[in-house]
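The values are calculated or read from the model by the stated rules, or taken from the named source; none is laboratory data. From a predicted model like this one, the values you see are computed outputs, not experimental measurements. Neighbour counts run over all protein chains shown; Cβ positions are idealised from the backbone, glycine included. Just the protein is used for accessible areas: all its heavy atoms, side chains included, with ligands, DNA and RNA removed. Shrake-Rupley method; radii C 1.70, N 1.55, O 1.52, S 1.80 Å.
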Amino acid sequence: MRYRIAQLVVCAGMLSGVLALGGDETEAQRGGVRFGERPALEAHLEQADIESGRISFEELLQIGERMFAARWTVLDGQGRPAATGSGVPTRRDPSGARRFTRVSGPDATSCADCHFQPTVGGAGGFVANVFVLAQTLDPPTDSIAPAFSNERNTLGMNGSGAIEMLAREMTMALHTIRAAALAEARSSGQPVTKSLVAKGVSFGQITAHPDGTVDTSRVEGVDGDLIIKPFNQKGTVVSLRVFTINALNHHHGMQAVERFGVGQRDSQGNLVTTPDFDEDGVPDELTAGDITALTLFQAAMNIPGRVWPDDPERRAAAERGERLFAQIGCTDCHRPALVLDNPVFSEPNPFNPPGNLRPEDIMRPITFDLTRDGPTPRLERLPDGRAIVRAYTDLKRHVICDERDPFFCNERMVQDGVPTDQFLTRKLWDVGSTAPYGHRGDLTTITEAILHHAGEARPQRERFAALPEEAQAAIVEFLKTLQVLPPGAPPEVTESQLQDLVRRRRAAGKEWNP
């Protein structure tokens, strides 16, 4: 299927074309005058224009960033009176609908309302927490009790393109192991058990049977489909595209046509059918091209880097802390680096589920090199063309609480079948820029977060607790060096160099909220 909105185009490096409002136009708009109330997005992108190369990569990133920061209005289709915020299109009774409800959503007018620290696309404070699964309720709830939702802190999107590509390669490795086990079982007529290891990370074992079935009861840290899902704190979302479509409906009441349906137009461009899934008077709210631009902006955001203390004593402490972090076993899960075999990001993701653009839906994928394209810092390219992703994660789910310390066992609702005590290993490469801590964002210091590690991480927690206070402080000093840097920065800077970069950025009228 090709997703095309033929009357809308992009040219000359900026959004232009027919005003896509839906619903009634104001007197000024009917006269062709563009003033007064206007939608945040006055024209939409056509996926075919993106695929053809008529819009440059740099232009796509600029458009995607403007859309990420856009404040959606009712003229864009903000709100979803007849739809829940579920990722699966689900209708609800519109009679009691409210345009905004902080718990169940819609709860924001812009992606940047929550993703703003230290800049657009970043993390958010406790005030920006999301109430996961409340968006599916009809009628919406006003309660933030754990019985109705799982409260989560907003994560930053820097380096997301590299994370998605790592997940794809790990998924392909696991699928290759499964295919080999099935082939061996069929040829031998006997069950075959194989260990699941991708990029040095163990995901347990599978047993393949001659009849083509696979026993996944000993799989660890990933779903039985063996697809690594690297987004959200439970590890349940496979790609930036899926994440974006889910969030737009949940938080803004904005529906993507590839999942919620597209209107059909006649040869004169008039709407013949108006599938307005949420019944807010605005059909075709976001095209496949719009979603592609938003996805690419996030995928191309610069990776976090290092900010070294100016003070020699603090720098020496940070360097020692990095060694101690490994010595006490924190790197067992927070892997300092994973190697990406192919650093070229391609959109869309081949593992996208139905209802999201997939490779078979398009003429050609949109690609860019994570080591050479987009703002710096970028991934470090190895001589053989591979790249290093220094994200401090293994992209695996772990149990991180127990009866002795149930702090991280605070969730009650099961999300997509993932046990409530399991969470994806937190990426630490931006930890110095993304306070507060913990999946709920209710811890104010890194030390608190470490000391509440339990379950599978209890041995590391106990080793940390047994260290002298100075050694604990050194580990914290090291973790604070892992920060998001302004676009255009080198991968490592000192504190004074960072301050100079931020001053220049602000002088250019660009935000930075450390």
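General observations
- Members of region 427-437 found to be closer than 25 Å to K229 by Cβ and surrounded by 20 or more Cβ atoms within 10 Å (Cβ to Cβ), listed by number: K427, L428, W429, D430, V431, S433, T434, Y437
- Residues of region 169-205 classified as of a type in the set (K, R) and either at pLDDT below 95 or crowded, with 22+ Cβ neighbours inside 10 Å (or both), total: 0
- Some residue of region 60-68 being within 24 Å of N302 (Cβ to Cβ) and among the aromatic types (F, W, Y): yes
- A112 being small (G, A, S), open to solvent by 10 Å² or more (accessible area, probe 1.4 Å) and under 25 Å from L41 (Cβ atoms): yes
- Within region 495-514, considering residues that are in a helix (DSSP H, G or I) and of a type in the set (A, V, I, L, M, F, W, C), the one surrounded by the fewest Cβ atoms within 10 Å (Cβ to Cβ): A507
- Residue that is among the small types (G, A, S), under 18 Å from the mean Cα position of the chain (by Cα) and crowded, with 20+ Cβ neighbours inside 10 Å, where the choices are G253, G235: G235
- Being out of contact with any helix residue (DSSP H, G or I) (no Cβ under 6 Å at 6 or more places or on another chain), more than 18 Å from T292 (Cβ to Cβ) and buried (at least 19 other Cβ atoms within 10 Å of the Cβ) is a condition met by at least one residue of region 68-75.
- Cβ-Cβ distances below 6 Å connect the following pairs, each with a first residue in region 39-66 that is at negative phi and outside any loop (DSSP other than H, G, I, E, B), a second residue that is of a type in the set (A, V, I, L, M) and open to solvent by 50 Å² or more (accessible area, probe 1.4 Å), and a separation of six or more residues or different chains: E51/M363.
- In region 30-56, of all residues being surrounded by fewer than 16 Cβ atoms within 10 Å (Cβ to Cβ) and touching a helix residue (DSSP H, G or I) at 6+ places or on another chain (Cβ under 8 Å), the one that is modelled with the lowest pLDDT corresponds to R34.
- Residue count for region 311-326, restricted to those that are free of Cβ contacts under 8 Å to residues at least 24 places away in the same chain and assigned to a helix (DSSP H, G or I): 6
- Residue within region 262-284 that is closer than 21 Å to G355 by Cβ, at pLDDT below 75, open to solvent by 40 Å² or more (accessible area, probe 1.4 Å) and in a loop (DSSP other than H, G, I, E, B) present: yes
Results for (1) open to solvent by less than 10 Å² (accessible area, probe 1.4 Å); (2) modelled with pLDDT under 95; (3) assigned to a helix (DSSP H, G or I), shown as yes or no for each residue.
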position: F407; (1), (2), (3): no, no, no
position: N410; (1), (2), (3): no, yes, no
position: T447; (1), (2), (3): no, no, yes
position: E462; (1), (2), (3): no, no, yes
position: Q472; (1), (2), (3): no, no, yes
position: I475; (1), (2), (3): yes, no, yes
position: V493; (1), (2), (3): yes, no, no
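- Only one entry in A108, A145 is part of a loop (DSSP other than H, G, I, E, B), closer than 30 Å to G417 by Cα and without any contact (Cβ under 8 Å) to a residue 12 or more places away in the chain, namely A145.
- Among residues of region 356-380, those that are open to solvent by 50 Å² or more (accessible area, probe 1.4 Å) and in contact with a strand residue (DSSP E or B) (Cβ under 6 Å, 6 or more places away or on another chain), counted: 3
- The condition (being under 22 Å from A167 (Cα atoms), open to solvent by 50 Å² or more (accessible area, probe 1.4 Å) and at pLDDT 95 or above) is satisfied by just one residue among P348, P343, P353: P353.
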